[in-house]
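To start, the structure under review is shown below, and the notes come after it.
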Amino acid sequence: MIDVSVIIPTKNGGANLTACLEAVCNQKYIGEIEIIIVDSGSIDDTLSIAKHYTDRIIEINPKEFSHGYSRNLGASMAQGEYLVFCNQDVIPANAHWLSNLLEPLKEESIAASYSRQIPPPGTQYFEKIFLERHYTSTNAIHTYEGLKKRGPQEVVLFSTVSGALRRSIWENFQFDEKIIMSEDQEIAFRLLKSKWRIAYWADSVVYHSNQYSFLSAFRRYFDSGWSMTYHPELKILSPSKGVYYLKSSCISLLLDESNSLVERLSSMIYLCAKVFGFVLGQTAPFMPIGIRDRISHTRSLLRDFTH
């Protein structure tokens, strides 16, 4: 009987996917694990790599892709009691990643759990700063009551980069398939509002980082801000709070003499791009569709692929 289903959306995963699947297969977990790949039009060797590790491969047209749809599709095919969602470029840091991730779900009031993300070698300084601030070494439990008290440092409520749900929970909630991104924050909000709790479990560790250019960071966080408009209570950065957050963060970066001035200045620009993108994204529903979709990172990828 399958205990855990690990669901991995892929597209042109390459060598990163090999490292991810190797680490998943080498977990010291007592129970049967299945791996489900949901691929949206890879043109490299992703599918041939995946076939070395699993025969549970679902292929979809890139035009059908959304973050929520690909994960729901994988979950609908899963047989495990626990559904673990993982990005193709994630590498579990040790053989206990999975067992530690599932540990909090033994408590009935906890619906979901997610891992700590640490930067792999070669990660840019400004991305290291982000991960250190948002994925600390201390376990935490999110509740609905805590939503109103959170600040910019507590933007992450759940993460499908490396996260788990009980199958019974997913069957009742599922991911929103229309939201452009941040499908994990959206489902987290609905879980918390329904009085479920979510565990950030720092004992479960993965290597992961996003290597974006300044423009890509701006556009991706525009999408994130846009996604937050689905539930106003998720909003944490008004223009005034955004300015304050930028000011305090930039001061901290400037005072950090452990890195070069160039790295610190680059980090400040990167942070500004993300914050401005996030705040602007919250106005996306009121923008002309053509302008909004050209700014959007996700919409641009789909447009470029299909035309």
Check your understanding: Can you tell me which residue in segment 169-199 is surrounded by the fewest Cβ atoms within 10 Å (Cβ to Cβ), limited to those that are small (Gly, Ala, Ser) and either at pLDDT 95 or above or part of a loop (DSSP other than H, G, I, E, B) (or both)?
Key -> SER194
Check your understanding: So which residues in segment 277-288 are at pLDDT below 85 and among the hydrophobic types (A, V, I, L, M, F, W, C)?
Key -> PHE278, VAL279
Practice item. Pull up segment 205-218, narrow it to residues that are surrounded by fewer than 22 Cβ atoms within 10 Å (Cβ to Cβ) and within 26 Å of GLY281 (Cα to Cα), then point me to the one that is modelled with the lowest pLDDT. Key: GLN211
Practice item. Would you confirm whether any residue within segment 222-241 is in contact with a His (Cβ under 8 Å, 6 or more places away or on another chain) and either surrounded by fewer than 18 Cβ atoms within 10 Å (Cβ to Cβ) or at pLDDT 85 or above (or both)? Key: yes
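So for segment 132-146 (the condition being buried (at least 18 other Cβ atoms within 10 Å of the Cβ) and either closer than 30 Å to LEU254 by Cβ or in contact with a Gly (Cβ under 8 Å, 6 or more places away or on another chain) (or both)), does at least one residue qualify? Give the steps one after another, and end with the answer.
Of all residues in segment 132-146, those buried (at least 18 other Cβ atoms within 10 Å of the Cβ) come to 135, 142.
Pick out the ones that are also either closer than 30 Å to LEU254 by Cβ or in contact with a Gly (Cβ under 8 Å, 6 or more places away or on another chain) (or both) and you get 135.
Yes, segment 132-146 has at least one match.
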Revision key, fill the gap. Taking segment 14-44 and keeping only residues that are over 22 Å from TYR82 (Cα atoms), out of contact with any helix residue (DSSP H, G or I) (no Cβ under 7 Å at 6 or more places or on another chain) and in contact (Cβ under 8 Å) with a residue 12 or more places away in the chain, one is left with ASN16, ALA19, SER42, ILE43
Review point. Just to be sure, is ILE37 touching a Ser or Thr at 6+ places or on another chain (Cβ under 6 Å) and under 27 Å from SER99 (Cβ atoms)?
Key: yes
Point to revise | Single unsatisfied condition, ARG299 versus (1) at pLDDT 70 or above; (2) touching a Lys or Arg at 6+ places or on another chain (Cβ under 8 Å); (3) under 15 Å from ILE180 (Cβ atoms) | key: (1)
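Looking at this structure, is PHE305 within 20 Å of PHE214 (Cβ to Cβ) and either at pLDDT below 75 or touching a Gly at 6+ places or on another chain (Cβ under 9 Å) (or both)? First the steps, then the outcome.
Working: within 20 Å of PHE214 (Cβ to Cβ): no; either at pLDDT below 75 or touching a Gly at 6+ places or on another chain (Cβ under 9 Å) (or both): yes.
In short, no.
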Exercise for review: Give just the number: which of (1) assigned to a helix (DSSP H, G or I); (2) at pLDDT 85 or above does ALA202 not satisfy?
Suggested key: (1)
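The values are calculated or read from the model by the stated rules, or taken from the named source; none is laboratory data. No experiment lies behind these values; they were computed from the predicted model shown. Methodologically, a virtual Cβ is constructed for each residue, glycine included, from the backbone with ideal geometry; neighbour enumeration extends over all protein chains shown.
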